Structure formats: structure tokens, C-alpha cells
Amino acid sequence: MDNIHEILEKLLSKEIEIEQAEKMLRSNYIKNVEEFAQLDLFRQTRTGIPEAIFAENKDSALLMNIISSYLEENRFTIISRFTQDQLSLIKEKYESNSSYIIEINELGRIIIIKEKEFEFKKKKGLIGIITAGTSDIPVAEESKVIAKAMGCQVISSYDIGIAGLHRIFKPLSHMIESNVDVIIVCAGMEGTLPGLVAALVDIPVIGVPVSSGYGFGERGKGALITMLQSCSPGLLVVNIDNGFGAGASAALIANRNKK
């Protein structure tokens, strides 16, 4: 496939029209890493969602090679669901490197490594993030990091679940008064809170079931079923613990709403 330089040369020489060049630039541009991994370097151009490296279950040496390979082509990289051993290797290589800034969210198990002068482009989207309990915060933090990387501002309020229902009204009112475009609600156990929030607001709500339940509905299954069975219109549901997907989807909604 033609690289960026070749596409631009063809455009300048009028071999192709601008619409065709745009389609070519938006098509998949894949870089192989040791024949084991393929990095989708044009994902953000094509979809608006940045490529992220899922670290969990990856060999640490291979992960480090993938990170290095991605940074050769991109000004930043995002690493999600890292282990402590992987974190130590990443810190060892990049914390002392004056060319990069490393932002570590240990609670959300997500890292951004970026060039020192790089800043994510700010957009106008505004997202609210709520958790039912403190056990749901790691998933919410993953959502927050991705939403901010996609240019959104975030208002968050944690530990306001239905066990103390009175706690939700003040932070939810603040979000509505601030004109948030979408609200992410992370909840484990029975997962009731997203449906409740969806019944109170006139904007999309994204429910994230969290694997903090036990017994019959263990590992988030009960929360997922509750959210899928909710009778509150306007509630969308992602998979168990999918903070990344919730943050990305919310950012797409919020940014499109503010174009």
C-alpha cells in the first residue's frame, strides 16, 4: 500500500483527486512488530479513537518492542491493563528519557507515553462519569483517561450508588447544569444505578457493568444482565469492565454533539 509521502506526491501531481487521497489515508495502515503484533497506526485518523496497546497477558519483552515501534511512528502511545512487572519496565525505560513524558494512572491501570511537547487536541465535548461504589473506580478511571485523550473534559463523582440513594442528586444536578453531553455510569453488584440515572436525564447514559459482584451474579454478570434488562430508554451498555470502550464511545458522542 502507498505510504503517506507517496499519496501526497500523487495528489500534488494530480494523479489522484483529493477525495481519493482522503480515502487512501483513512484506509488501514498496518505496521508489523516481530511478526506477532500489528499496529493500526491510522485508527485515530479513521475512527477518531486512538490505538491502544492492551498489555495484559502480553510477554513483557514483546510489549516493550511494540511500545518502541509505535513511538517511532506516533507522538504518543496508550498502554492499558498493565501488570506491575510491565510497569516497572516501562518506568525504567521512559521515566529517565528526556524526550518523553509518562503519565501513569495506576488505579485505572493505564499509561500514556507522549513526546515532551505533545498535547492532545482539546475539543468541546463534556462527559460525566459516575461510579456506584469505590470498587468501580478503576474502570471509571480508565474511561476518564481515554475520554481526555480524545479531547473531552470530564466531570466525575464516585461512590454515589443506590445503597445511599440521596448521594446521587447533587452531583447529577451539577453535571446537568454543566451541560454534559453523555454520562458514563460504572456499577457492580446488581448494577441498578445506570438505569436509574437514565430515567432522570435527557442525554445518553452508558452503563459499564463491573466485575465486583459475587454469588449467582459473580464477576459482573448480574450487573450486566440488570443493565441489559433495564426499562429506562437511553441506556447503552458495554461489556463487563470495558472502561476503554465506554470512554471512547462517550467521547465520540460528546465531540460530535459539539461540532
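The values are calculated or read from the model by the stated rules, or taken from the named source; none is laboratory data. Since the structure is predicted, the reported quantities are computational estimates derived from the model, not experimental observations. Positions of Cβ are backbone-derived with ideal geometry, glycine not excepted, and every protein chain shown enters the neighbour counts.
Restricting to segment 233-247, give me the number of residues that are assigned to a helix (DSSP H, G or I) and either touching a His at 6+ places or on another chain (Cβ under 8 Å) or surrounded by 22 or more Cβ atoms within 10 Å (Cβ to Cβ) (or both).
4
Screening the candidates I176, I240, I184 for the property of being under 15 Å from the mean Cα position of the chain (by Cα) and either more than 20 Å from P138 (Cα to Cα) or free of Cβ contacts under 8 Å to residues at least 40 places away in the same chain (or both) yields one hit, I240.
Here are some residues: E95, E103. Which one is more than 22 Å from the chain's Cα centre (by Cα) and either basic (K, R) or at pLDDT 90 or above (or both)? Walk me through how you get there before you give the answer.
Values: E103 fails: more than 22 Å from the chain's Cα centre (by Cα).
Result of the check over E95, E103: E95.
Taking segment 156-206 as the range and being over 20 Å from G234 (Cβ atoms) and in contact with an Asp or Glu (Cβ under 6 Å, 6 or more places away or on another chain) as the test, only G188 passes.
Looking at segment 209-224 only, could you name the residues that are of a type in the set (A, V, I, L, M, F, W, C) and either exposed (fewer than 15 other Cβ atoms within 10 Å of the Cβ) or closer than 19 Å to C152 by Cα (or both)? Write out each step before concluding.
So in segment 209-224, the residues of a type in the set (A, V, I, L, M, F, W, C) come out as 210, 216, 223-224.
Within segment 209-224, just F216 meets the criteria.
Just one of (1) outside the structural domain of A248 (by TED's automatic domain parsing); (2) more than 23 Å from V210 (Cα to Cα); (3) among the basic types (K, R) fails for R109. It is (2).
Of all residues in segment 170-204, exactly one satisfies the criterion of being among the charged types (D, E, K, R) and within 24 Å of G222 (Cα to Cα), namely E190. In summary, K14 fulfils each of the numbered conditions (1) at pLDDT 80 or above; (2) of a type outside the set (V, I, T); (3) surrounded by 13 or more Cβ atoms within 10 Å (Cβ to Cβ) with the single exception of condition (3). When both residues are 6+ apart or on different chains and their Cβ atoms are under 9 Å apart, which pairs have a first residue that lies in segment 247-259 and is assigned by TED's automatic domain parsing to the domain that holds E141, and a second that is modelled with pLDDT under 90 and of a type in the set (S, T, N, Q)? That search, which allows pairs on different chains as well, returns A248/T47; L252/T47. Within segment 214-225, residues that are at positive phi have Cβ atoms under 9 Å from residues that are part of a helix (DSSP H, G or I) in these pairs: G215/G222, counting only partners at least 6 apart in sequence or on another chain.
Scanning segment 43-65 for residues that are at pLDDT below 90 and touching a Leu at 6+ places or on another chain (Cβ under 8 Å) yields a count of 4.
Condition check ((1) surrounded by fewer than 24 Cβ atoms within 10 Å (Cβ to Cβ); (2) closer than 12 Å to I78 by Cβ) across all residues:
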{"site": "Y94", "(1), (2)": "yes, no"}
{"site": "I111", "(1), (2)": "no, yes"}
{"site": "E117", "(1), (2)": "yes, no"}
{"site": "V139", "(1), (2)": "no, no"}
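Of the strands (runs of 3 or more DSSP E) lying entirely inside segment 71-175, the ones with 1 or more residues being of a type in the set (K, R) are found at 110-115.
Among the conditions (1) surrounded by 22 or more Cβ atoms within 10 Å (Cβ to Cβ); (2) in the same structural domain as G213 (by TED's automatic domain parsing), the only one that S135 does not satisfy is (1).
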